[in-house]
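Step one of this worksheet: look at the structure below.
The values are calculated or read from the model by the stated rules, or taken from the named source; none is laboratory data. If you're wondering where the values come from, they're calculated on a predicted model, not measured in any experiment. For neighbour counting, all protein chains shown are included, and Cβ atoms are generated from backbone atoms with ideal geometry for every residue, glycine included.
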Amino acid sequence: MSAEIQFQALPELSLYVHLPWCIRKCPYCDFNSHERTQPIAETAYIDALINDLEQSLPLVWGRPVISVFIGGGTPSLFAPQAIARMLSEIRARLPLVPDAEITMEANPGTFELDRFVGYREAGVNRLSLGVQSFSDAMLGRLGRVHNADQAGLALGSALKIFDRVNADLMFGLPGQRLSDLEQELDRLLSFPLAHVSLYQLTLEPNTLFAARPPQGLPNDDCLAEMQTLVTERLAQSGLKRYEVSAYAAAGQQCQHNLNYWTFGDYLGIGAGAHGKISLAQRIFRTVKTRNPDAYLSAKGAAFKESEVGVHDLGFEFMLNALRLVEGVPIGRWAQTAGMAIGAHPFLLERLGSAQSKGLMVRRPDRFQATARGLELLNDLQAIFLP
Ligand SMILES: C[S@@+](CC[C@H](N)C(=O)[O-])C[C@H]1O[C@@H](n2cnc3c(N)ncnc32)[C@H](O)[C@@H]1O
Ligand code: SF4
């Protein structure tokens, strides 16, 4: 068997839209997000997004789109009318499936009832709210623009307005003890949530926190206890961990992120947006101009493309699939890599190695990390590096 990509059918396709501005840059954040220093040029940016989409259309002609994710930055800085125009322009150019999941990220610091209602009327059917913490002291240390009451108000209102809501919470925060996290979880679970994301704070390079780490960060033992507390406490409330940081009630998993984690395709539009696209005989990644001003000047036109070579495919697939607690069916490899497992130069050999180290489950039907593999995910993923 030769190691060549050849698709019979292409994987599912999603759309990611990046809106890059925030009220203020948080000291821990390495996303392509920029403090708004003047009123956002909403109309010009959405024109650029649409131009960007039009340039990309030949890559995905005729393919249905299963989900849209409007991320940032803080997309809720954009007026509902701007989001409505953006979504109708997208619908005019891409065939969204009838029940397409359309998620938008929002920051409680931008909450207004009318705005949230406006986003729903624009077609957003899932809201993801960056709560981060219910403690004013922690929110202050995280440099957030909102307090705990605002977070609670925004979350309560979002749950009334949208059928599907996710709340982001961070843990492992400066000065946080296990008992503090318990209180955070109690408060979080006092809301009728069917999806939550719990992120352990990481010090990302090129952030203020990396340059000057905050005092009182929990040690590794405490972090491990925190992760166990999170998983158990959420499970007791019916929110099952299905990915490293994501927890959901039955049937409420995020379809957009699941498509990433199962190595599906996605078009990325907006400043710095990444995409991954399969054609009949190749898979490649795209990245758009990162700086918002440069993106606006180029009207969204410029992007770079890089091939995912056959040798990289094993790693790229496992980088995503092994994040899922239940892993993925073996058949997903052929669907998304366009080749048989045995045709890959070293996938089978590395699988054997991961299994013999106890990091992957020995199952004939799934690629799945063991509990230990999930704990040591970086080491496990590295086994598949070319
Ligand atoms: C792009 S932000 C989206 C929401 C919105 N911008 C906000 O912050 O409210 C995605 C989420 O990633 C998490 N996050 C960002 N930086 C992180 C870091 N360094 N460590 C852990 N989680 C982080 C936060 O929970 C954040 O809500
Ligand atoms: S609001 Fe969100 S995207 Fe913006 S800087 Fe803070 S964490 Fe990053």
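For residues in the range 167-182 being hydrophobic (A, V, I, L, M, F, W, C) and buried (at least 16 other Cβ atoms within 10 Å of the Cβ), which is farthest from residue 215 (Cα to Cα)?
Within the range 167-182, the first condition is being hydrophobic (A, V, I, L, M, F, W, C), and the residues that meet it are 167, 169-171, 173, 178, 181.
Next, only the ones that are buried (at least 16 other Cβ atoms within 10 Å of the Cβ) stay: 167, 169-171, 173, 181.
Working: 167: 26, 169: 20, 170: 16, 171: 15, 173: 10, 181: 17 Å.
The extreme case among them is 167.
Pull up the range 82-113, narrow it to residues that are surrounded by fewer than 16 Cβ atoms within 10 Å (Cβ to Cβ) and modelled with pLDDT under 95, then point me to the one that is farthest from ligand 2 (Cβ to nearest atom).
113
Count, please, the residues in the range 22-32 that happen to be hydrophobic (A, V, I, L, M, F, W, C) and more than 8 Å from ligand 2 (Cβ to nearest atom). Don't jump to the end; show me each part of the working.
We begin by selecting, within the range 22-32, every residue hydrophobic (A, V, I, L, M, F, W, C); these are 22-23, 26, 29, 31.
Keeping just the survivors that are more than 8 Å from ligand 2 (Cβ to nearest atom) gives none.
Qualifying residue count for the region: 0.
Being more than 15 Å from the chain's Cα centre (by Cα) and within 16 Å of ligand 1 (Cβ to nearest atom) is the filter here, so list the residues in the range 21-68 that pass it. It would help to see each step written out before you state the result.
First pass over the range 21-68, keeping only residues more than 15 Å from the chain's Cα centre (by Cα): 21-28, 34-66.
Within the range 21-68, 21, 22, 23, 24, 25, 26, 27, 28, 34, 35, 36, 40 qualify.
Restricting the range 183-224 to residues that are under 30 Å from residue 236 (Cβ atoms) and within 11 Å of ligand 1 (Cβ to nearest atom), which is surrounded by the fewest Cβ atoms within 10 Å (Cβ to Cβ)?
First, the residues of the range 183-224 that are under 30 Å from residue 236 (Cβ atoms): 183-202, 216-224.
Subset that is within 11 Å of ligand 1 (Cβ to nearest atom): 196-202.
Values: 196: 24, 197: 20, 198: 26, 199: 15, 200: 15, 201: 19, 202: 12.
That would be 202.
Kindly establish whether residue 61 is at pLDDT below 95 and of a type in the set (Phe, Trp, Tyr).
Working: at pLDDT below 95: yes; of a type in the set (Phe, Trp, Tyr): yes.
Here the answer is yes, as residue 61 does meet what is asked.
Can you tell me which residue among 301, 294 is free of Cβ contacts under 8 Å to residues at least 40 places away in the same chain, aliphatic (A, V, I, L, M) and not in a strand (DSSP E or B)?
Details: 301 fails: free of Cβ contacts under 8 Å to residues at least 40 places away in the same chain.
So the residue among 301, 294 that is free of Cβ contacts under 8 Å to residues at least 40 places away in the same chain, aliphatic (A, V, I, L, M) and not in a strand (DSSP E or B) is 294.
Please work out which residue is surrounded by the fewest Cβ atoms within 10 Å (Cβ to Cβ), limiting yourself to the range 130-166 and to residues that are outside any helix (DSSP H, G or I) and away from ligand 1 (no atom under 12 Å from the Cβ). Before you say what the answer is, go through the steps one by one.
At the first step, the residues of the range 130-166 found to be outside any helix (DSSP H, G or I) are 130-135, 142-147, 162-166.
From what's left, away from ligand 1 (no atom under 12 Å from the Cβ): 134-135, 147, 162-165.
Details: 134: 22, 135: 20, 147: 17, 162: 22, 163: 10, 164: 20, 165: 24.
Here the answer is 163.
For residue 181, which of the numbered conditions (1) more than 13 Å from ligand 2 (Cβ to nearest atom); (2) closer than 25 Å to residue 103 by Cβ; (3) not hydroxyl-bearing (Ser, Thr, Tyr) fails to hold?
Evaluating residue 181 over (1) more than 13 Å from ligand 2 (Cβ to nearest atom); (2) closer than 25 Å to residue 103 by Cβ; (3) not hydroxyl-bearing (Ser, Thr, Tyr) leaves (2) as the failure.
Go over the candidates 67, 33 one by one and state the one that is within 28 Å of residue 136 (Cα to Cα) and surrounded by 20 or more Cβ atoms within 10 Å (Cβ to Cβ). Working first, answer last.
Values: 67 fails: within 28 Å of residue 136 (Cα to Cα).
Exactly one of 67, 33 is within 28 Å of residue 136 (Cα to Cα) and surrounded by 20 or more Cβ atoms within 10 Å (Cβ to Cβ), namely 33.
Output the residues belonging to the range 167-218 that are under 19 Å from residue 127 (Cβ atoms), in a loop (DSSP other than H, G, I, E, B) and in contact with a Gly (Cβ under 8 Å, 6 or more places away or on another chain). Let's see the steps before the verdict.
The initial filter retains those residues of the range 167-218 that are under 19 Å from residue 127 (Cβ atoms), namely 167-170, 187-199.
If we keep only those that are in a loop (DSSP other than H, G, I, E, B) too, we end up with 190-194.
The answer is 191, and nothing else.
Only one residue in 117, 97 is without any contact (Cβ under 8 Å) to a residue 60 or more places away in the chain, over 29 Å from residue 59 (Cβ atoms), away from ligand 1 (no atom under 16 Å from the Cβ) and β-branched (Val, Ile, Thr). Which one?
Values: 97 fails: over 29 Å from residue 59 (Cβ atoms).
Unique residue meeting the criteria: 117.
Quick check on my filter: what residues within the range 46-81 are within 16 Å of ligand 2 (Cβ to nearest atom), of a type outside the set (A, V, I, L, M, F, W, C) and in a helix (DSSP H, G or I)? Give the steps one after another, and end with the answer.
Start the filter on the range 46-81 by keeping residues that are within 16 Å of ligand 2 (Cβ to nearest atom), which leaves 69-78.
Going one step further and asking which of them are of a type outside the set (A, V, I, L, M, F, W, C), we end up with 71-76.
Matches in the range 46-81: 75, 76.
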